[in-house]
1. Given the structure, is residue 280 of a type in the set (A, V, I, L, M, F, W, C) and either modelled with pLDDT of 95 or more or closer than 23 Å to residue 46 by Cα (or both)?
2. Quick test of your reading of the structure: residue 253 fulfils all but one of (1) assigned to a loop (DSSP other than H, G, I, E, B); (2) open to solvent by less than 10 Å² (accessible area, probe 1.4 Å); (3) on the phi < 0 side of the Ramachandran plot; (4) not hydroxyl-bearing (Ser, Thr, Tyr). Name the failing condition by number.
3. Does residue 105 satisfy the condition of being among the hydrophobic types (A, V, I, L, M, F, W, C) and either touching a residue at least 40 places away in the same chain (Cβ under 8 Å) or in contact with a Cys (Cβ under 7 Å, 6 or more places away or on another chain) (or both)?
4. Just one of the numbered conditions (1) hydroxyl-bearing (Ser, Thr, Tyr); (2) out of contact with any strand residue (DSSP E or B) (no Cβ under 8 Å at 6 or more places or on another chain); (3) in contact (Cβ under 8 Å) with a residue 40 or more places away in the chain is not true of residue 277; which one?
5. For the subset of the range 41-56 comprising residues that are within 12 Å of residue 269 (Cα to Cα) and among the β-branched types (Val, Ile, Thr), which member is least open to solvent (accessible area, probe 1.4 Å)?
6. Please enumerate the residues belonging to the range 275-290 that are in a loop (DSSP other than H, G, I, E, B) and crowded, with 17+ Cβ neighbours inside 10 Å.
7. Looking at the range 164-180, is at least one residue in a helix (DSSP H, G or I), of a type in the set (Gly, Ala, Ser), in contact (Cβ under 8 Å) with a residue 12 or more places away in the chain and over 16 Å from residue 264 (Cβ atoms)?
Amino acid sequence: MRFSSAVAALLSIAGCVSAIGSIGFDLGVQRNSDSACKETSDYLADFSTISDYTNVVRVYAASDCGTLANILPAIEQANFKLFVGVWATDDAHYAAEKAALSAYLPTIDSSHIIAVTVGSEALYRGDLSASDLSSRIDEVRTLVHGISGYENVPVGTVDSWNVLVDGANAEVIQTADVVIANAFSYWQGQTMANSSHSFIDDIMQALQVIQTTKGSTDITFWVGETGWPTDGGSFESSVPSVENAAQFWQESICGIRAWGINTLVFEAFDESWKPMTSGIQGVETHWGVWTNDDTAPKYSLNCEFA
C-alpha cells in the first residue's frame, strides 16, 4: 500500500477543492419481487426512496431489460441525472446497445445525461484489449455526438483502479473523455482499521495516473463503484455487517467526498435475485444501502464533514 503517496496527492489538490464531492448510486434494473425487468413506475419508486440523498444514478447497459426505454421517462419526471452504460464485450450485445442509444437518447434532453460509459471493468476482466476498448469509445462518441443536443456529452469508461494505474491501458485513458475508477476494500480483504486508508490510496493513485496521462488536472473524475456488504460471507479479513458498512460510509465515502471527489456507491438496493458468482456465500445480494423494500437506509448516510 502507498498511503503516503495518496496523502500527498490529496494535499496537492486541496487548494483546488471548492465543494464536497457529489454522491450517486449504481442501480439494478431487475425487480426483487419477481426478477422481472423494472418498469418506469419501479424506477420512480427507486428515485423517491433515494431522492433525499441524490438525484444521480448509474446503470450498466442501455438495451438490457429495456433499460433506456423504461428509465428515461422516470429520469425526466423525477428530474434525475443518469450515467448511461454501454456493454461493449460481444458484437451482438454491443450492436443492441448502440441501437438503444440511437432510439432513446433523442427522447430526453441531454442535460439529464452526465456521461455515457463504454465498458464496465472490461479491461479488468480481460474482455477487451485497450485498443479494442478505445475503438469502441470512439465509435460510441461519434454516435452520441451525432444526436442533436448531445454534442458535448462526455463518453468514457469505467474500470478497476488497478488496471488504470498499471501503465498498460494509457491508450484508453487518452481516448476517453471521462475515466471512472472502481475500488473495493472488501474485495482486497482489508480489515476495517485499514479499509479507508486502502480505498483512498487506490482512488488517488488512479486519479494521479489519469491526470498525468491526460496532461491536465482539469478533468471530470468519479469513483464508479465502492461500498461494503451488510451480510454474507467474509473475504479474507473483510467482514460484512451493517456496522462495518456504516463505518466504511463515514470513513471512506464521506472521507473521499470531503476532498471533492464525486462518488457513485455500489449499490442503491439489495438485489435478492442475484445468483452467487463470487464464491462468497450470500454477499452478492447484500451490497445495497437500502434493503429490497425499506424506504429508510440501513444506516445513517449523513456525512460528518468538518
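1. No; evaluated as a whole, the condition is false for this residue.
2. Single failed check for residue 253: (1).
3. So residue 105 passes the test.
4. Unmet condition: (3).
5. Result: 50.
6. Matches in the range 275-290: 280, 286, 287, 288, 289.
7. Taking every residue of the range 164-180 in turn, at least one turns out to be in a helix (DSSP H, G or I), of a type in the set (Gly, Ala, Ser), in contact (Cβ under 8 Å) with a residue 12 or more places away in the chain and over 16 Å from residue 264 (Cβ atoms).
Let's see how each residue does on (1) within 28 Å of residue 221 (Cα to Cα); (2) modelled with pLDDT of 95 or more; (3) aliphatic (A, V, I, L, M); (4) within 20 Å of the chain's Cα centre (by Cα):
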| position | (1), (2), (3), (4) |
| --- | --- |
| 234 | no, yes, no, no |
| 242 | no, yes, yes, no |
| 251 | yes, yes, no, yes |
| 258 | yes, yes, yes, yes |
| 261 | yes, yes, yes, yes |
| 266 | yes, yes, no, yes |
| 270 | yes, yes, no, yes |
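The values are calculated or read from the model by the stated rules, or taken from the named source; none is laboratory data. Everything numeric in this text was worked out from a predicted model, so none of it was measured. Note that we place each Cβ from the backbone using ideal geometry, even for glycine, and neighbour counts take in every protein chain shown. Each accessible area value is taken on the protein alone, full model and side chains, heavy atoms only, with ligands, DNA and RNA left out. Shrake-Rupley method; radii C 1.70, N 1.55, O 1.52, S 1.80 Å.
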